[in-house]
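Here is the structure we will look at.
The values are calculated or read from the model by the stated rules, or taken from the named source; none is laboratory data. Owing to the predicted nature of the structure, the values given are computational and were not obtained by experimental measurement. Reconstructed Cβ throughout: ideal geometry from the backbone, glycine too, with neighbour counts over all protein chains shown. Just the protein is used for accessible areas: all its heavy atoms, side chains included, with ligands, DNA and RNA removed. Shrake-Rupley method; radii C 1.70, N 1.55, O 1.52, S 1.80 Å.
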Amino acid sequence: MATDNRINFWRRNAKVPGRYHKDTKPKFNNPKSKKACSFHEFARSTNDAWDIDDDEEDEDFLRTQMSTPSISSRLHSTSTQQQQNEADETKSQMPDRLAPPKTEVQTLHGDGGFEETNYEHVNGRVVKSHSEAHLNSSSVRATLQKQQSLPVRPIIPLVARISDQNASGAPPMTVREKSRLDKFKQLLASPNTDLEELRKHSWSGIPREVRPITWRLLSGYLPANKERREQVLKRKRDEYFAFIEQYYHSRTDEHYKDTYRQIHIDIPRTNPLIPLFQQPVVQEVFERILFIWAIRHPASGYVQGINDLVTPFFVVFLSEFVTEDVENFRFAALPLDTQRNIEADSFWCMSKLLDGIQDNYTFAQPGIQNKVKALEELVSRIDEDIHNHFKKYEVEYLQFAFRWMNNLLMRELPLRCTIRLWDTYQAESEGFSHFHLYVCAAFLIEWRKEILSMIDFQGLLMLLQNLPTIHWGNEEVGLLLAEAYRLKYMFADAPSHYKR
């Protein structure tokens, strides 16, 4: 009943803060308007209506966590249950071994529950499988009718579009792509990898097959010496799980419970449309990574936005073991040791990244404020028309660029584009801090025409917060990076006041 009341409230109440009455709704982008809506006018007529029920989320989660078994026992029970599940699946599939393989994916409902959905691999693609038994269910039939009434959303792979990757089922590699892959393999196979040469080749993108090992090397997680790599991996992975055993139980302590509660709330919001990140076992991995990082870095602790920075590393290291659709892959199907290795590697590589931009997340986030100011100065020199347009309609750079700096454009780009972008960031000496500034400037200029066509504050802000990049791929990111590179060498002195 409460849920129905909330739905009806949003649908029918014309006085909802932030919503205009249909009789008084302003017409944006009308050149004949007497005066364009400014920020101050917009602020006076609009209230924040987005925090409703936030405090109600997971109100009993601490009590639940206190009754949760230790990580070691949970991992052991997961392994036992996994073996039993595999045995049951093998037995049940014996009569149907000629049928196309199926995958079960958990889908998160609005009420917090999960539904198992079967997927079939047909012609190299993952499609839903509905049996007659399913269709006979009135509840499932109602759900299907509701889904069919929604707008059709194109399905785009998480890591890359088919034309952008060289995995099974993709078009054959070109001669140039094969030559690049061979060059990477040659560099990685040498007794001492030439990191400068590796960065040079990585700037224009890293082949999918060698991306995991290349990211480990470029982030500084692995040494260049090939003989030492296995030893270092074992030591660092053991060290991470020693942190888990030593500190993770303290998540319910008075001193850390607020930190853990915020992490616990933020994790389901991380890529909510991708089934992989809505699996409970994956969310537990993220909770452990973020909590351990937070208590080991008390100067900043956990800050919203850091949760996004785990996902590219997690997906890249997972892709080392998955050849099919990563976004629908069931993480628990991997062997336990593999799950643990992916978790530990994601933690250490994220830590290496944050070491270079930690002032973004310390008190008052001075790093972000300095970078936003530098972006404003840079844009005023690159494109005076855009800069003056923002001033005319009272748009502050902090209102849209704070998120660009805080999340490294991850909320503006599809994850497959972020992964390609990070290939270049890790190839640059200060990719995540200094070069990112020029990428943001190039990204803003990319939408010059759309920005200048907006003649009101609200329209500008809505555009800048919802830029249409859903269909972007490697080609678009490559052009963006090329423009950022050009800007860096044309306006290298612009952000000198913040680069230290």
Apart from one, (1) free of Cβ contacts under 8 Å to residues at least 60 places away in the same chain; (2) more than 30 Å from residue 195 (Cβ to Cβ); (3) surrounded by fewer than 18 Cβ atoms within 10 Å (Cβ to Cβ); (4) not hydrophobic (A, V, I, L, M, F, W, C) all hold for residue 397; the odd one out is (3)
Can you find a residue in segment 313-321 that is open to solvent by 10 Å² or more (accessible area, probe 1.4 Å), in contact with a helix residue (DSSP H, G or I) (Cβ under 7 Å, 6 or more places away or on another chain), not aromatic (Phe, Trp, Tyr) and not assigned by the TED database to the domain that holds residue 269? no
Checking residue 274 against (1) modelled with pLDDT under 95; (2) closer than 21 Å to residue 334 by Cβ; (3) buried (at least 19 other Cβ atoms within 10 Å of the Cβ), which test does it fail? (3)
Return a yes/no flag: does segment 437-455 have any residue that is part of a helix (DSSP H, G or I), touching a Cys at 6+ places or on another chain (Cβ under 7 Å) and farther than 16 Å from residue 491 by Cβ. no
For segment 456-475, what are the residues that are part of a helix (DSSP H, G or I) and under 19 Å from residue 415 (Cα atoms)? 464, 465, 474, 475
Matching residues, segment 468-487, being more than 16 Å from residue 416 (Cβ to Cβ) and open to solvent by less than 50 Å² (accessible area, probe 1.4 Å): 484, 487
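Here's the yes/no breakdown for (1) among the small types (Gly, Ala, Ser); (2) open to solvent by 20 Å² or more (accessible area, probe 1.4 Å); (3) assigned by the TED database to the domain that holds residue 231:
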position	(1), (2), (3)
284	no, yes, yes
290	no, no, yes
293	no, no, yes
303	no, yes, yes
310	no, no, yes
337	no, yes, yes
347	no, no, yes
352	no, yes, yes
369	no, yes, no
Tally up the residues in segment 180-219 that are open to solvent by 40 Å² or more (accessible area, probe 1.4 Å) and not basic (Lys, Arg), please. 14
Would you be able to tell me the number of residues in segment 258-271 that are open to solvent by 10 Å² or more (accessible area, probe 1.4 Å) and closer than 14 Å to residue 248 by Cβ? 2
